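Just so you know, all these numbers are worked out from the coordinates, no wet-lab data involved. Being a predicted model, the structure only gives us computed values, none of them experimental. Counting neighbours? That spans all protein chains shown, and the Cβs are built from the backbone with ideal geometry, glycine included.
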Amino acid sequence: MKKKRLVAMGDYHCGHYSGLTPPSWDGPRQEERYPNRYNARRIVWDWYAETLASLKPIDILLVNGDLIDGSQEKSGGTELLVTDPLEQIDMAIDCIKQANAKSVVLTFGTQYHTGIITDFEKVAADRLPNCAKIGGEDTYNINGWQINARHHVGRSSIPHGRFTPVAREQLGNMMWAARGEYPLADIILRSHVHYFVYCGGADPQPWLAVTLPALQSYGGKFGTRRMTGTVDIGMVCFDLPNKEKDTYTWQPILKRLPLHQSVSL
């Protein structure tokens, strides 16, 4: 079996003013009125496009939920660059196509963002000709490696507590596998929390559990006014050979934004 490259990412939040935004969805008026937001969007997009170009050819692109930011009922849409969820989906499709992956798999994200009544991410799956699957939690067999993906995972406000929720995901997977109802995962991928951590072990087989970084940059009322702790922008790349012959390699690829300047008074 030929080695396959999997690029895993999530949390685009297209439509939000700090969401992943292709250049065609931005404009001069935004640059004039909100230069910091505009510059952050352009920095992240340029890095995103350049990183994907460096990783090609990509066999499988996994986008692990929250393609869009939704209608933002709680903030009255005041943080939105693009308000229509269907247009946000068009933005997300443009982002996905940038990878030029042979196959795409999607995960349903948070209903608040992606649709309580309508699953807007299903619209993206239907419109992408190379989308192989969209689901809530799925295990993908890639060259014999079992990769379990779901959007949601618990979060922690303390740095050393961030490993516990994703380790708990592995324990849950192991219990399901012991009952014979789910495959035992080699790699567990989660998103939602917008920070990158990983942990692993050797029992009952070598395993790795990862919370993926986000592709939404910093900002937003909830994040800046209420949340503590760091967040991460980026993606993770896996090269997966035949499991019977070799082990896989993997690499987190993270982007740091310019220094947030202090305010002189």
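Which of K102/K221; K3/K97; K102/K245; K56/K245 have a Cα-Cα distance over 32 Å?
With Cα atoms farther than 32 Å apart: K102/K221.
For P241, what charge total do you get from the other residues with a beta carbon under 11 Å from its beta carbon, if Lys and Arg give +1 and Asp and Glu give -1?
That sum, taken over residues with Cβ under 11 Å, equals +3.
So what J values fall out for region 247-263 if you push phi through Karplus, 6.51 cos²θ - 1.76 cosθ + 1.60 with θ = phi - 60°, rounded to Hz, Gly and Pro as x?
Coupling constants for region 247-263: 9, 8, 10, 8, 8, x, 10, 10, 10, 9, 8, x, 3, 7, 5, 6, 9 Hz.
Most exposed first by the Cβ proxy, i.e. fewest other Cβ within 10 Å, how do K74, K97 rank?
In increasing order of surrounding Cβ atoms, one gets K74, K97.
Using modelled backbone amide H atoms (1.01 Å from N, in-plane), which distant-in-sequence or interchain residues come within less than 5 Å of C131's amide H?
V104
Using the Karplus equation 6.51 cos²θ - 1.76 cosθ + 1.60 (θ = phi - 60°), what ³J(HN,Hα) coupling, rounded to whole Hz, does each residue of region 182-188 give in order, writing x for Gly and Pro?
9, x, 6, 7, 7, 9, 10
Among residues other than S191 whose Cβ falls under 15 Å from its Cβ, what is the net charge (Lys/Arg +1, Asp/Glu -1)?
-4
At what distance in nm do the modelled label points of K102 and A132 sit from each other, each positioned 7 Å from its Cα along Cα→Cβ?
0.9 nm
Out of (i) 26; (ii) 20; (iii) 30, which label holds the value of percent of Cα pairs over 30 Å apart that was computed here?
Only one option fits the structure, namely (i).
So for W25, W250, W47, fewest C-beta neighbours within 10 Å to most, what's the order?
With the fewest neighbours first, W25, W250, W47 line up as W250, W47, W25.
If neighbour count is taken as other Cβ atoms inside 10 Å, put S157, S217, S71 in order from fewest to most.
Fewest-to-most ranking of S157, S217, S71: S157, S71, S217.
Can you tally the net charge around N141? Count Lys and Arg as +1, Asp and Glu as -1, for every other residue whose Cβ sits under 14 Å from the Cβ of N141.
It works out to a net charge of -1.
So what are the three principal axis dimensions of region 41-83 from its Cα atoms, in whole Å, longest to shortest?
Here the Cα extents, ordered largest to smallest, are 41, 22, 11 Å.
With the chain treated as a Gaussian network of Cα nodes joined by springs under 10 Å, which of P159, P85, P57 yields the largest mean-square fluctuation?
The residue that fluctuates most here is P159.
Starting from the amide H of Q146, placed 1.01 Å from N in the peptide plane, find each other amide H under 5 Å away whose residue is 5 or more places distant or on another chain.
D186, I187
What is the extension gain from R29 to D94, computed as 0.36 nm multiplied by their sequence separation minus the C-alpha to C-alpha distance, in nm to one decimal?
21.2 nm
Near the amide H of G109, under 5 Å away, which other amide H atoms are found, from residues 5 or more places off or on another chain, if H is placed in the peptide plane?
Answer set, sorted by chain and number: D66, L67.
Calculate the FRET efficiency for S262 and Q205 from the Cβ-Cβ distance with a Förster distance of 41 Å, rounded to the nearest 0.05.
Result of the calculation: an efficiency of 0.25.
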